[in-house]
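The values are calculated or read from the model by the stated rules, or taken from the named source; none is laboratory data. This structure is a prediction, so every number in the text was calculated from the model and none was measured. Virtual Cβ from ideal backbone geometry, glycine too; neighbours counted across all protein chains shown.
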Amino acid sequence: MALLKITFIFSLFLQAILCVSGGEHVVPYDGMVITSDTLLAHGDYYLPHGISIGSSNIFLNLNNSTLRGDSNQNVGITLDGYSNVYIGNGKITNYYYGIKISNGERNELAGLELFANWQDPNAQNPTPPSLDINVAPGDYGDKKNLGGGMWVSNVNGIKLHHHYLHDQENGVDLFNVTDASITNNRFGTHVGWCLHVWKSQGTSVNQNSFKNCVRRSSKDRDFSGNSAAVLINCGSVNSVLQFNTFVNSGSAFIISGFPTLRKNECCPSTMNIIFHNKIDQAVRGAFEDSFSNQNQYLSNNITNVGYGFLGMYLSGNTIISGNRITNAIHHGIILGHSNNNRISGNVLKNTTLGSQIELWTDLKEHYNPLSYQCLQLKNQQNSSNNEISGNIFETNSNFAINLINSTHSLIYNNYINLLKKAKSIKEEGLSFGNQWYTAKEKFPNICNGENLGGNYYSDYAGKERTQNDGFGDIPYNDNNLINEYDNLPLICKKNLNNLKPGMNFKFPSLILKKYFKSRK
Ligand SMILES: *[C@@H]1O[C@H](CO)[C@@H](O)[C@H](O)[C@H]1NC(C)=O
Ligand SMILES: *[C@@H]1O[C@H](CO)[C@@H](O)[C@H](O)[C@H]1NC(C)=O
Ligand SMILES: *[C@@H]1O[C@H](CO)[C@@H](O)[C@H](O)[C@H]1NC(C)=O
Ligand SMILES: *[C@@H]1O[C@H](CO)[C@@H](O)[C@H](O)[C@H]1NC(C)=O
Ligand SMILES: *[C@@H]1O[C@H](CO)[C@@H](O)[C@H](O)[C@H]1NC(C)=O
Ligand SMILES: *[C@@H]1O[C@H](CO)[C@@H](O)[C@H](O)[C@H]1NC(C)=O
Ligand SMILES: *[C@@H]1O[C@H](CO)[C@@H](O)[C@H](O)[C@H]1NC(C)=O
């Protein structure tokens, strides 16, 4: 086992073909069950029913062979109920799923190319059907939402790395999986979800690349049909997704819990951390988070997207911090029907249509809390008690911050730089009780001045007040706030105009430091 594993890694990384002493080169046959360490003879094998694993503690080296199914039916390699199995170094194509792993622990798969397994042909239509994000393991066989590279269910500690997956419905579907590790994979074109995480815990997703995870015809931003590079839903918790790159997605991330058919079958996905990812071109948006709480989006770099962050029904402690959002079409960050969340230390530039940050509600209760108990929809009609602080805005159209029917939020220490026809801050509808400044506190502000208070506005007309404490002598309102003023508008002694690329994360990190300090 050990020798074979070393050989396998050797051949994987050095691309060397070695003869293993005593290793017999096995020619696989349709329906073969592998029960001991196996090295295939290199070849291109037509195996309509695939092969399966029939023992724990074994190693299967495909020796760069291709396993070929028939008409996208069945599975290339099936493993059910075995542990400590290694599978690697081959190509699997033309099945419903290339690989299906269920029940078992600590299996490891590496260096496989999974391509042209099932893909819904209707996904190519000019108006492709929308995907059901709540598709469940019981739906195995579904041809609209499932099929593709790997199906993984009810397993613990699986490792998936150095795979190349492309041209399928989904890349990897994880159902009820604990402590999966998914690293260094390359996800190419998929019309569903490149990575789908359902009711799973502790998933670690590190240094993968996701390219073209989008329904093919979804050129229109609002019709991505729920396709996404990463879908995390139905009570998936404690995932960490970091240092991944995303190019051209439907949404880069959809994180959600939402029961449609059955009560409580799809509860909030919480406590996931999305850190330091690079997201470019997502027709719908970089992040879509709904019916959840306590997810953290930290230090991601987002460019050319529909929405930077679209949050709906976030019930608390969602943290959107230290992100850089450039060229969003609709909104940089919008939270609807959401309470008690924090948006701090982000840099928002060039949002074209909507406000850069918007808090919104229509004041209606759209989901009967008794029908959707596990969603914890407390005060769902509200948009209240959110914090917007320490963000840097470079705004060239519309408003930097707009609060619609929103109450009791705190907005302070933001740097609002208005270019061209841009507008500053606004309240609409039944908005009240919002605070556009906090009590004076000795702590470095966004302009590197010595006191925290209100926000900086580049169109502020006042002068520094006589105390010389960094605040202006007349309150700021912009004529767009309803009975509210920023009573402590910041005077920036050093101009932050023309933000330099390298410096942008400096202020956010100050805010983060304060945040982590105050959490202790
Ligand atoms: C693997 O097989 C493919 C053909 O299927 C070939 O092009 C490639 O060079 C092989 N790689 C190695 C490392 O042998
Ligand atoms: C792959 O298969 C070929 C042909 O069967 C064989 O000569 C070679 O040794 C195998 N590679 C490895 C790594 O064993
Ligand atoms: C989830 O997987 C575990 C094994 O890891 C199993 O015991 C449990 O029954 C599964 N739950 C569901 C709902 O399938
Ligand atoms: C963010 O991504 C853009 C576009 O790729 C790049 O130009 C910029 O340097 C990145 N910014 C940071 C702070 O990483
Ligand atoms: C602003 O964003 C729009 C659309 O997202 C883009 O076409 C335009 O080039 C961007 N402007 C700058 C200065 O980057
Ligand atoms: C604000 O709430 C009212 C209901 O009280 C609703 O009619 C209106 O459409 C809301 N405003 C927006 C912009 O949604
Ligand atoms: C919820 O909204 C209502 C009406 O806008 C408001 O009176 C109430 O104070 C809000 N609740 C909280 C917790 O802010």
Would you pick out the residues in the range 200-215 that are touching a Phe, Trp or Tyr at 6+ places or on another chain (Cβ under 9 Å) and touching a residue at least 60 places away in the same chain (Cβ under 8 Å)?
-> Arg215
All-but-one check, Lys364 against (1) modelled with pLDDT of 90 or more; (2) surrounded by 18 or more Cβ atoms within 10 Å (Cβ to Cβ), failing number (2)
Any chance Glu394 is away from ligand 5 (no atom under 16 Å from the Cβ), among the acidic types (Asp, Glu) and under 27 Å from Asn277 (Cα atoms) | no
Test Ser52 against the criterion of being more than 18 Å from Trp193 (Cα to Cα), at pLDDT 95 or above and part of a loop (DSSP other than H, G, I, E, B), and give yes or no.
-> no
Across the range 39-60, the tally of residues that are away from ligand 3 (no atom under 16 Å from the Cβ) and either over 35 Å from the mean Cα position of the chain (by Cα) or surrounded by fewer than 19 Cβ atoms within 10 Å (Cβ to Cβ) (or both) stands at 15
Which listed residue is touching a helix residue (DSSP H, G or I) at 6+ places or on another chain (Cβ under 7 Å) and under 21 Å from His331 (Cβ atoms), from Ile388, Ile404, Ile392, Ile411 = Ile392
Regarding Ser290, is this residue out of contact with any Phe, Trp or Tyr (no Cβ under 6 Å at 6 or more places or on another chain) and either at positive phi or modelled with pLDDT of 95 or more (or both)?
-> no
For residues that are farther than 27 Å from Arg106 by Cβ and either surrounded by 20 or more Cβ atoms within 10 Å (Cβ to Cβ) or out of contact with any Pro (no Cβ under 9 Å at 6 or more places or on another chain) (or both), tally how many sit in the range 70-87.
-> 1
Which of the following residues is surrounded by 19 or more Cβ atoms within 10 Å (Cβ to Cβ), within 13 Å of the chain's Cα centre (by Cα), more than 20 Å from Asn206 (Cα to Cα) and away from ligand 3 (no atom under 16 Å from the Cβ): Gly285, Gly306?
-> Gly285
For Leu512, state whether it is surrounded by 19 or more Cβ atoms within 10 Å (Cβ to Cβ), of a type outside the set (Asp, Glu), at pLDDT below 95 and not in a loop (DSSP other than H, G, I, E, B).
-> yes
Return only the number of the condition from (1) within 16 Å of ligand 5 (Cβ to nearest atom); (2) within 17 Å of Ser292 (Cα to Cα); (3) among the basic types (Lys, Arg) that Lys378 does not satisfy.
-> (1)
Where a residue in the range 363-381 is over 17 Å from Asn405 (Cα atoms) and away from ligand 4 (no atom under 16 Å from the Cβ) and its partner, wherever it lies, is of a type in the set (A, V, I, L, M) and not in a loop (DSSP other than H, G, I, E, B), with Cβ under 9 Å and at least six apart | Tyr367/Leu375; Pro369/Leu375
Residue list for the range 154-204, filter: under 17 Å from Val240 (Cα atoms), of a type in the set (Val, Ile, Thr), assigned to a loop (DSSP other than H, G, I, E, B) and over 17 Å from the mean Cα position of the chain (by Cα) | Ile158, Val177
Flagged in the range 372-392 as surrounded by 23 or more Cβ atoms within 10 Å (Cβ to Cβ), of a type in the set (S, T, N, Q) and away from ligand 7 (no atom under 16 Å from the Cβ), in numbering order, are Asn391
Do we find that His331 is closer than 23 Å to Leu363 by Cβ, within 16 Å of ligand 5 (Cβ to nearest atom) and buried (at least 24 other Cβ atoms within 10 Å of the Cβ) in this structure?
-> yes
